[in-house]
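Please treat every number below as a calculation from the coordinates, not as lab data. It should be emphasised that the depicted structure is a prediction, and the values quoted were computed from it without experimental measurement. Every residue, glycine as well, gets a Cβ built from its backbone with ideal geometry; the counts of neighbours run over all protein chains shown.
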Amino acid sequence: MNIEEIRTLMTSTLDDCEIHLEGEGNHLTVTVIGEIFAGKRAVQRQQHVYGILKEYIAEGTVHAVNMKLYTPSEWQVA
């Protein structure tokens, strides 16, 4: 798995978000902080990120994704 390729994709797709990625094998840990998540339930936030990663998941490059998705105000408390 090429973390930098995934980082570039996520950065270009998630405007004005802070993105942290870690990967080991085909497991990915994603932390995203951005206003894009304001007013969205946890499932909606996850669906948004899965939509970005769907190609990598479909081809098996990414098998498991651990997501931590916050608005900036939620991140201040976390």
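On the basis of being part of a strand (DSSP E or B), hydrophobic (A, V, I, L, M, F, W, C) and in contact (Cβ under 8 Å) with a residue 12 or more places away in the chain, does Ile19 make the cut?
Taking the combined requirement at face value, the residue satisfies it.
Name the pairs whose Cβ atoms lie under 6 Å apart, with the first residue in region 65-76 and closer than 20 Å to Leu53 by Cβ and free of Cβ contacts under 8 Å to residues at least 40 places away in the same chain, the second surrounded by 13 or more Cβ atoms within 10 Å (Cβ to Cβ) and not polar (S, T, N, Q), and 6 or more positions between them or separate chains?
Close Cβ pairs (under 6 Å, with a partner that is surrounded by 13 or more Cβ atoms within 10 Å (Cβ to Cβ) and not polar (S, T, N, Q)) amount to Val65/Leu28; Met67/Val30; Met67/Val49; Leu69/Val32; Leu69/Phe37; Leu69/Arg45; Tyr70/Ile33.
What number of residues within region 39-61 satisfy the criterion of being among the β-branched types (Val, Ile, Thr) and within 12 Å of the chain's Cα centre (by Cα)?
Within region 39-61, residues that are among the β-branched types (Val, Ile, Thr) and within 12 Å of the chain's Cα centre (by Cα) number 2.
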